[in-house]
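One structure is given here, and the rest of the page talks about it.
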Amino acid sequence: MGLKPDHWITRMARDHRMIEPFAEKQVSDGVISYGVSSYGYDIRVANEFKIFTNVYSAMVDPKKFDPKSMVDFNGDMCIIPPNSFALARTVEYFRIPRNVLTICLGKSTYARCGIIVNVTPFEPEWEGYVTLEISNTTPLPAKIYANEGIAQVLFFEADDICKISYADKKGKYQRQQQIQLPRL
């Protein structure tokens, strides 16, 4: 299994619609950068957010997540309260080939501000908008800019095709179109 360079990512995006919309070059003029990088793709955060709130004193339970613990927000920027988090989704829609696995890591610009982006791997044949978990680890409010870079996706191509893909398993987050709360 090997990390894939920019020309492979560009070819896969163009020929197989792996990333839509696709920025063939790094865009960085006045924005937190996004688009193709040396060995990955910098994804953007859309303008839809679900911000964690403790108004109802709910307990966080991944087996029975209470949607009342989140407040919906749309806008060009999102303020995440201190020591809290928000869910968001990518601008880009992904179609991962059967012989590819991705790892996604937050961009250093946000990480250096105490903002951590957590995304699970995109499994072979997973498809959809990516749900992002954005944590503000600081004691101060943190600003997130919509339609700008938030994280980098690294693509790994396997030597062999996987036996069972995410599509084969009929994964619960397949083809998600919006921010998806935890499901059991």
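The values are calculated or read from the model by the stated rules, or taken from the named source; none is laboratory data. Since the structure is predicted, the reported quantities are computational estimates derived from the model, not experimental observations. Neighbour counts are summed over all protein chains in view; Cβ atoms, including those assigned to glycine, are modelled from backbone coordinates with ideal geometry.
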**Asked** What number goes with the only condition from (1) in contact (Cβ under 8 Å) with a residue 60 or more places away in the chain; (2) farther than 21 Å from residue 181 by Cα; (3) crowded, with 19+ Cβ neighbours inside 10 Å that residue 124 does not pass?
**Response** (1)
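Could we say that residue 85 is closer than 16 Å to residue 182 by Cβ, within 15 Å of the chain's Cα centre (by Cα) and of a type in the set (Phe, Trp, Tyr) here? Spell out how you get there, then give the answer.
Numbers: closer than 16 Å to residue 182 by Cβ: yes; within 15 Å of the chain's Cα centre (by Cα): yes; of a type in the set (Phe, Trp, Tyr): yes.
It is true that residue 85 is closer than 16 Å to residue 182 by Cβ, within 15 Å of the chain's Cα centre (by Cα) and of a type in the set (Phe, Trp, Tyr).
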**Request:** Quick one: which strands (runs of 3 or more DSSP E) lie wholly within the stretch 29-97 and hold at least 3 residues that are at pLDDT 95 or above and touching an Asp or Glu at 6+ places or on another chain (Cβ under 9 Å)?
**Result:** 40-52, 70-74, 84-95
**Prompt:** Mind checking which residues of the stretch 133-182 are out of contact with any strand residue (DSSP E or B) (no Cβ under 8 Å at 6 or more places or on another chain) and either assigned to a strand (DSSP E or B) or free of Cβ contacts under 8 Å to residues at least 40 places away in the same chain (or both)?
**Reply:** 163, 164, 169, 170, 172
**Asked** For residue 109, which of the numbered conditions (1) part of a strand (DSSP E or B); (2) among the hydroxyl-bearing types (Ser, Thr, Tyr); (3) surrounded by fewer than 16 Cβ atoms within 10 Å (Cβ to Cβ) fails to hold?
**Response** (1)
